[in-house]
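Take a look at the structure below.
The values are calculated or read from the model by the stated rules, or taken from the named source; none is laboratory data. These numbers come from a predicted model, not from an experiment. Heads up, the Cβs are rebuilt from the backbone with ideal geometry, glycines too, and the neighbour counts pull from every protein chain shown. Please note that ligands, DNA and RNA were not included when accessible areas were found on the heavy atoms of the full protein model with its side chains. Shrake-Rupley method; radii C 1.70, N 1.55, O 1.52, S 1.80 Å.
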Amino acid sequence: MPHAPRRLWLGAIAAAALALPAIALAQAKGEIRIAHVYSKTGPLEAYGKQTATGFMMGLDYATGGTMTVAGKKLVVIEKDDQGKPDVGKSLLAAAYGDDKADIAVGPTSSGVALALLPVAEEYKKILLVEPAVADSITGDKWNRYIFRTGRNSSQDAISNAVALDKAGTSIATLAQDYAFGRDGVKAFKDAVKSAKIVHEEYLPTNTTDFTAGAQRLIDKLKDQPGRKVIFIIWAGAGNPFKIADLDLKRYNIEIATGGNILPAMAAYKNFPGMEGATYYYFGIPKNPVNEWLVSNHYKQFKNPPDFFTAGGMSAAIAVVEALKKSAGDANTEKLIKTMEGMSFETPKGRMTFRKEDHQAMQAMYHFKIKVDPAFAWGVPELVREIKPEEMAVPIRNRR
């Protein structure tokens with residue numbers, strides 16, 4: 001009988017191995033697992049970090065500091081996609097498959113987001129897109145597992161058209177040559193009814209020398225009658241505002257753009273009176289959620305929340321509100337049913353997931369830049385809030 005103990009030992013290991021999934025299941029039942037796939041590193045790192053900060057603050061706010069919903073613990077699994085579509089795709093598959101994530105949030109880049117959409121469909125799990133902007137995410141590349149709290153290119157475009165679309169105005173666009181830039185320009189062109197688009201300039205995402213592109217823009221605009229505007233759609237590195245160094249004033253050419261993160265808006269100080277529309281600026285929305293965010297962000301970080309911090313918080317609130325309504329049931333079909341048409345309060349006020357494409361309908365803000373020596377950036381002063389019902393945001397998903 002010398003081998004009996006060995007057999008017993010092997011049998012015990014086998015029994016333990018069989019018991020593991022049951023243990024894992026028991027643990028999982030007491031928690032809800034959320035994967036956050038974003039650019040912790042890479043060209044959009046600054047945006048990703050803000051979203052992550054806002055997301056964790058939003059979970060704290062929406063759960064009253066408990067990090068639980070219906071007695072279940074919220075577990076956040078962070079994944080760094082580095083701004084690379086192939087990396088993001090494999091990380092999301094691992095999150096759904098290996099980490100047993102119930103729901104995923106992210107990513108930062110539109111290019112990465114487009115790679116993630118089919119993964120959500122394959123695993124039949126929700127992907128809540130924040131902050132990637134391209135229209136195609138809730139447009140022709142959309143599937144029923146995709147929701148978005150972030151604004152889309154059409155919301156950017158329609159709100160910026162409010163500021164710029166006047167008869168007798170000639171506009172040339174400057175954008176990055178990838179999904180965010182091209183979708184942004186397409187949506188802007190669709191939104192413009194009275195002004196004339198005379199040129200589209202697309203440059204590589206890593207452009208640092210804007211001279212040649214600027215010259216093409218100037219050549220197309222300089223002889224146009226009336227108001228002349230270069231509208232910039234840019235994200236991440238590079239400073240497209242350098243085109244102002246080419247003495248645009250000589251040709252009466254103005255620059256216009258949407259909102260951005262505070263460090264990028266340092267360049268706006270050179271353009272007092274510049275108009276545009278923004279998704280968020282901490283000093284604009286007046287509501288209890290934004291007051292909490294601004295006050296707590298100052299307490300924790302000694303500075304105001306930025307552009308993407310508000311988005312991260314909105315995504316977290318949406319997740320928690322959906323789980324509260326489902327009594328902590330993270331079943332995908334139940335969540336889809338719960339989230340379609342759901343309204344929730346965010347730092348920007350009320351958002352509502354549109355049933356047709358799961359895009360969050362939300363306010364945007366028409367601003368004019370003011371220079372205030374107290375701030376290191378150009379301050380976007382509110383001209384007026386553009387309410388969701390004022391924006392005819394197209395449904396582009398061919399559902």
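Worth a mention:
- Per residue, the accessible area of the stretch 240-373 comes to 39 Å², computed with a 1.4 Å probe over protein heavy atoms only.
- When the chain is reduced to its Cα atoms, the Kirkwood hydrodynamic radius in Å: 22.2
- Treating each Cα of the stretch 113-196 as an identical point scatterer and summing with the Debye formula, the log10 of I(q)/I(0) at q = 0.14, 0.24 Å⁻¹ comes to -0.52, -1.08.
- Solvent-accessible area of Trp142, all protein chains in place: 40 Å² (probe radius 1.4 Å, heavy atoms, ligands and nucleic acids excluded).
- Of every Cα-Cα pair in the stretch 272-399, the percent that sits beyond 24 Å: 38
- Separation of the stretch 128-186 and the stretch 371-399, taken as the distance between their Cα centroids, equals 12 angstrom.
- Taking Glu78, Glu340, Glu122 in turn, the Gaussian network model of the chain (Cα-Cα springs below 10 Å) assigns the largest fluctuation to Glu122.
- About the Cα centre, charge dipole magnitude for the chain (Lys/Arg +1, Asp/Glu -1 at Cβ), debye: 500
- Ordering of 129-140, 39-50 by packing is 129-140, 39-50, highest average first (other Cβ atoms within 10 Å, averaged per residue).
- Gaussian network model of the chain, springs between alpha carbon atoms under 10 Å - residue of Arg227, Arg182, Arg33 with greatest fluctuation: Arg227
- Within the assembled protein chains, the solvent-accessible surface assigned to Met274 is about 10 Å², based on a 1.4 Å probe.
- Modelled FRET efficiency - R0 25 Å, Asp329 with Met67, Cβ distances, 0.05 increments: 0.90
- Per residue, in Å², the accessible surface of the stretch 32-79 once ligands and nucleic acids are set aside, probe 1.4 Å: 37
- With DNA, RNA and ligands ignored, accessible area of Met351 (1.4 Å probe; Å², nearest 10): 0
- Considering helices alone, the calculated mean residue ellipticity of the chain at 222 nm is -12000 deg cm²/dmol, with DSSP H runs of length four and up weighted by -39500 (n - 2.57) and normalised per residue.
- Computed extension gain for Gln215 through Glu389, at 0.36 nm per residue and net of the alpha carbon distance, reaches 58.7 nm.
- Neighbourhood net charge (11 Å Cβ-Cβ; Lys/Arg +1, Asp/Glu -1) for Pro388: +2
- Selection from Thr208, Tyr178, Val229 lying farthest towards where the dipole of the chain points positive, charges on Cβ: Tyr178
- Comparing the stretch 33-134 with the 2.2 N^0.38 Å rule of thumb, its C-alpha radius of gyration ratio is 1.02 (two decimals).
- For the stretch 221-314, fraction of C-alpha pairs farther apart than 16 Å, in %: 62
- Surface/4 estimate of mean projected area, convex hull on alpha-carbon atoms of the stretch 195-234, nm²: 3.0
- Share of carbon and sulfur in the accessible heavy-atom surface of the chain [1.4 Å probe, %]: 55
- Within the stretch 333-370: backbone nitrogen closer than 19 Å to the Lys166 label point (7 Å, Cα to C-beta): 365-370
- Between Arg398 and Asn206, the FRET efficiency from the beta-carbon distance, with R0 = 30 Å, is close to 0.35.
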